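Following: one structure in structure tokens, then a few remarks.
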Amino acid sequence: MCTIGFEVKDMSAANPFAESGHRGGVVAGFDGSDCARGAILWAAAEAAHRRRSLLLVHAQLTAITSAWGTVAAPGWGAAAVFDDTPLLRQAEEQVRAAAEECRQLEPGLDVEARVVAGRAAPTLLEAARTVDAELLVVGMSGLGVLPRTLIGCTATDLVNQADQPVVAVHGGPAHRSGPVVVGVDGTAETMSALQFASTYADRHACELRPVHDDVDTLLAHSEEAQLLVVRDRGHGVVHRAVFGSVSRAALSRALCSVAVLPSAPVSV
């Protein structure tokens, strides 16, 4: 099943995901880039492994976003009209093709796709919360520090606010047969990360490799891993310090895909 939705959203508009038939499962962000394509294909495979549905969300940032798609600037005359519709229609074509590619990769997978005018992180958070997603997936570039820093802003925003695990899918060569590496230090927080990683490893029939939860060790093991699992530590000053040294380093420097778990308990 493949459902395509076309929505235009602003802060005063109704929630574009409220009537979605998608509940639970996996939400993936898509923007037409190569790294986003890799992310949605990873998300499709993971949704199939979990026997869940997949919701693709294309958040299209427009010059001026309104509830109607067209905005005229007062006093500028008829020529000064910003029409968002062509951009949104192009996004719709892209996400329609992406949804079809996911369906071909995983026949029988229930795929729903939505195009929403707005910024990526708030739109994805709204989607994940509305449909009570198990997992939130985005892409990250493998092309060096600057591109990964720019694209990583979305992942960082999601990790800071999401209620579910956030997976940033690496844009470089995938180690599909590598281990699942998880950072542990004996605390309850990292034990839940170990449970998530263990369930993932069982589901994908791959090695589980617990290692000490410090930046250098995690990054070293990411060279051969297919997934690196770390735990977010909550909010506030301590959170910012820990996130800066571990989770942020993993998102910006790991050589594999990274799953960051929220501080609250999650479904595995």
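The values are calculated or read from the model by the stated rules, or taken from the named source; none is laboratory data. Quantities reported herein were computed from a predicted structural model and do not represent experimental measurements. Ideal geometry is used to build each Cβ from the backbone, glycine not excepted, and the neighbour counts take in all protein chains shown. Surface accessibility is based on the protein's heavy atoms, side chains included, excluding ligands, DNA and RNA. Shrake-Rupley method; radii C 1.70, N 1.55, O 1.52, S 1.80 Å.
Within segment 190-203, the residues that satisfy the criterion of being over 16 Å from Val258 (Cα atoms) and either crowded, with 16+ Cβ neighbours inside 10 Å or free of Cβ contacts under 8 Å to residues at least 12 places away in the same chain (or both) are Met191, Asp202.
Within segment 14-30, residues that are basic (Lys, Arg) sit with their Cβ atoms under 6 Å from residues that are open to solvent by less than 50 Å² (accessible area, probe 1.4 Å), at 6+ positions apart or across chains, in these pairs: Arg23/Val131. Taking segment 219-241 as the range and being modelled with pLDDT under 75 and buried (at least 18 other Cβ atoms within 10 Å of the Cβ) as the test, only Arg233 passes.
Condition first: among the hydrophobic types (A, V, I, L, M, F, W, C), more than 21 Å from the chain's Cα centre (by Cα) and in a strand (DSSP E or B). Now tell me which residues in segment 167-212 satisfy that. First the steps, then the outcome.
First, pick out the residues of segment 167-212 that are among the hydrophobic types (A, V, I, L, M, F, W, C): 167-169, 174, 180-182, 184, 188, 191, 193-194, 196-197, 201, 205-206, 208, 211.
With more than 21 Å from the chain's Cα centre (by Cα) added as a condition, the list becomes 184, 188, 191, 205-206, 208, 211.
Matches in segment 167-212: Val184, Leu208, Val211.
I'd like to know if segment 74-89 contains one or more residues that are at pLDDT below 90, among the small types (Gly, Ala, Ser) and touching a strand residue (DSSP E or B) at 6+ places or on another chain (Cβ under 9 Å). Scanning segment 74-89, I find at least one residue that is at pLDDT below 90, among the small types (Gly, Ala, Ser) and touching a strand residue (DSSP E or B) at 6+ places or on another chain (Cβ under 9 Å), so the answer is yes. Among the residues of segment 113-127, none qualifies, meaning not one is out of contact with any Cys (no Cβ under 8 Å at 6 or more places or on another chain), aliphatic (A, V, I, L, M) and assigned to a loop (DSSP other than H, G, I, E, B).
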